[in-house]
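Please read the structure below before turning to the comments.
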Amino acid sequence: MSGFKRLLKNSLSNIINGFSNVILGIVISPVLLHNLSKVDFSIWSLTLQVGVLIGIFGIGLQVTVGRFVALHLSNPQKLQKAMHQSLLFALLLNMVCLGGIFILAKFFFSFFPEVSETNANAKLILILIGSSFVINNVFSPFVGYFTGIERNDITAGINIFFKVILGTSILLLVHHGLDVIAWVYFAINSFNQIAFYILYKLKNTSRRTKLSLDKSLFRTIVVFFSGLLVWNIAQFLISGIGTFTVGKYSFQELAGFAVLMTLVNAGVGILGAMINPIIQPMIRMHNHGNNQHVELLVNKLIFLFSMIVFIGVFIAWFASIHILGVWLGYQQATNLHIMFSLLLAAYLIRMIAAPYGLMLVAYGKQLSIAWLPVLEGILNFALSIYFVRIFGAIGIACSTFISGILIMAVYACKYQAEAEYKSKLTFVSFLIIPVIIAICLVSLVMTQSVTIHYIIYGIQVAFIVVFIVFIIKQIKSIKNLLNQY
């Protein structure tokens, strides 16, 4: 199979793997919103977000295992050792996480006084949902194994099967309340993770070795994971903490904001899932000593992503009211579609830098710029508190726009300074196109003039025509490059 076709297969499988959770949210969110009280739906959203925070560790473990498996495919003994050390680390790490959940359950909802208005057992729900994500983390090395051998399609099939069961069960039991839904979520999710383990045992036929601690390899895995963890926590400060901020300072908007973020995460998730498998060909290029090819690939991908984001945001501006209307009803859509367009644009813009981050992961150098996403996360969190207090939930979009574009400028300067292969498109992709997107959207929101709107639409259409031509050229060029590996 050619490098490009292998990438397409893994990208599609990755989309299914990651997107199955989002699809589940898209299907059940309107049902939950209409059948639960706003307070109960807000509890559901807050507990899921706590779960997402815990799940950060699982994502890091999966990528870490995937990288070490990919590096040792030709040496089954080293591969087995890497799996063993990863499993030991996962067990130790998640014992700490589980203890943290029980401690958190005692005081978490004291920050949200409105929760006292419900009969649901908020603490139990938090423990069940949080524990579900801990179980995911424990089994994440097995998912990482399939990532490393480039068989994401196997885990994708299992994910779809169990997510269909979970979604159907929640829809059937929604009238029984949030407590029952949480128990069902915990049970079905547990069976899902056990299925991953069974698949791993069936697929990995290497001769079994004794499970023991290899201090050197264990330390290497922990260091690599720690670098990813810094990135992932920073991402949470940007894309995840908004739910808590809105819950604290604008609780009445939390239900609507949480529903919108389900769709926003769908858009961002598709883009992220598309790009994550690119780490395998990057590692192959790096192992062959062709770092110039890695940089060439990164340049092409960030330019491609920036153009796709521009077109996607333009389409979303017109389509959002109809998408939300079908999904939630046009009464809700009228109130929420502008916020949705702004949130989607703000979060998609940040994804343009993803190929650069993956390049550093492939090199094992993600710690070299770990302070930048942390800085962005802290800046975004501080700005979100300020803007949400003044403007409500839409302030999350404002803070994400500002912090994202500032850090993208820093990324562009740093990447251009360090790259062996200099590209004139770096600043266009990282900075100019995102700024144009932001200016167009802010102008459309701030003015009611039909004439100005039509002028902006005309400018956007002209850009889109040019971008479509470039997108076709970039895809062909990327295909030719990947087929060499």
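The values are calculated or read from the model by the stated rules, or taken from the named source; none is laboratory data. Given the structure is predicted, the values throughout are model-derived calculations rather than measurements. Backbone-built Cβ (ideal geometry, glycine too); neighbour counts: all protein chains shown.
The condition (being surrounded by fewer than 15 Cβ atoms within 10 Å (Cβ to Cβ) and either at pLDDT below 90 or among the polar types (S, T, N, Q) (or both)) is satisfied by just one residue among 399, 449: 449.
For segment 256-281, which positions are hydrophobic (A, V, I, L, M, F, W, C), farther than 19 Å from residue 401 by Cα and modelled with pLDDT of 85 or more? Spell out how you get there, then give the answer.
Step one: list which residues in segment 256-281 are hydrophobic (A, V, I, L, M, F, W, C), which gives 257-261, 263-264, 266, 268, 270-271, 273-275, 278-279.
Still in the running and farther than 19 Å from residue 401 by Cα: 259, 270, 273-275, 278-279.
Hit for segment 256-281 is 259, nothing else.
Applying the criterion of at least 2 residues that are in contact (Cβ under 8 Å) with a residue 12 or more places away in the chain, under 15 Å from residue 262 (Cα atoms) and out of contact with any strand residue (DSSP E or B) (no Cβ under 8 Å at 6 or more places or on another chain) to the helices (runs of 4 or more DSSP H) found wholly in segment 310-416 leaves 330-350.
Look at segment 62-78: where a residue is in the same structural domain as residue 133 (by TED's automatic domain parsing) and of a type outside the set (Asp, Glu) and a partner is surrounded by fewer than 15 Cβ atoms within 10 Å (Cβ to Cβ) and at pLDDT below 80, sitting 6+ places away or on another chain with Cβ atoms under 7 Å, you get 76/206; 77/209. Residue 236 falls short of the stated requirement of being over 24 Å from residue 312 (Cβ atoms) and modelled with pLDDT of 80 or more.
Residue-by-condition table, conditions (1) surrounded by fewer than 20 Cβ atoms within 10 Å (Cβ to Cβ); (2) assigned by TED's automatic domain parsing to the domain that holds residue 340; (3) within 30 Å of residue 79 (Cβ to Cβ):
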{"residue": "187", "(1), (2), (3)": "yes, no, no"}
{"residue": "222", "(1), (2), (3)": "yes, no, yes"}
{"residue": "248", "(1), (2), (3)": "yes, yes, no"}
{"residue": "257", "(1), (2), (3)": "no, yes, no"}
{"residue": "267", "(1), (2), (3)": "no, yes, no"}
{"residue": "273", "(1), (2), (3)": "no, yes, yes"}
{"residue": "286", "(1), (2), (3)": "yes, yes, yes"}
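Of the residues making up segment 274-288, none is of a type in the set (Val, Ile, Thr) and within 30 Å of residue 110 (Cβ to Cβ). Taking first residues from segment 149-168 that are assigned by TED's automatic domain parsing to the domain that holds residue 193 and within 18 Å of residue 276 (Cβ to Cβ) and partners that are surrounded by fewer than 19 Cβ atoms within 10 Å (Cβ to Cβ) and basic (Lys, Arg), the Cβ contacts under 9 Å between residues at least 6 apart in sequence or on separate chains come to 149/203; 150/6; 150/9; 151/203; 152/9; 153/9; 154/203.
So that you can scan it fast, the table gives a plain yes or no per residue for (1) under 23 Å from the mean Cα position of the chain (by Cα); (2) under 26 Å from residue 310 (Cβ atoms):
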{"residue": "218", "(1), (2)": "no, no"}
{"residue": "228", "(1), (2)": "yes, no"}
{"residue": "238", "(1), (2)": "yes, yes"}
{"residue": "241", "(1), (2)": "yes, no"}
{"residue": "255", "(1), (2)": "yes, no"}
{"residue": "267", "(1), (2)": "yes, yes"}
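Screening residue 96 on (1) of a type in the set (Val, Ile, Thr); (2) touching a Phe, Trp or Tyr at 6+ places or on another chain (Cβ under 9 Å); (3) modelled with pLDDT of 85 or more shows it passes everything except condition (2).
Note on segment 288-331: residues that are surrounded by fewer than 17 Cβ atoms within 10 Å (Cβ to Cβ) and among the basic types (Lys, Arg) total 0. In segment 418-426 there is at least one residue matching the filter, namely being touching a residue at least 60 places away in the same chain (Cβ under 8 Å), in a helix (DSSP H, G or I) and not assigned by TED's automatic domain parsing to the domain that holds residue 59.
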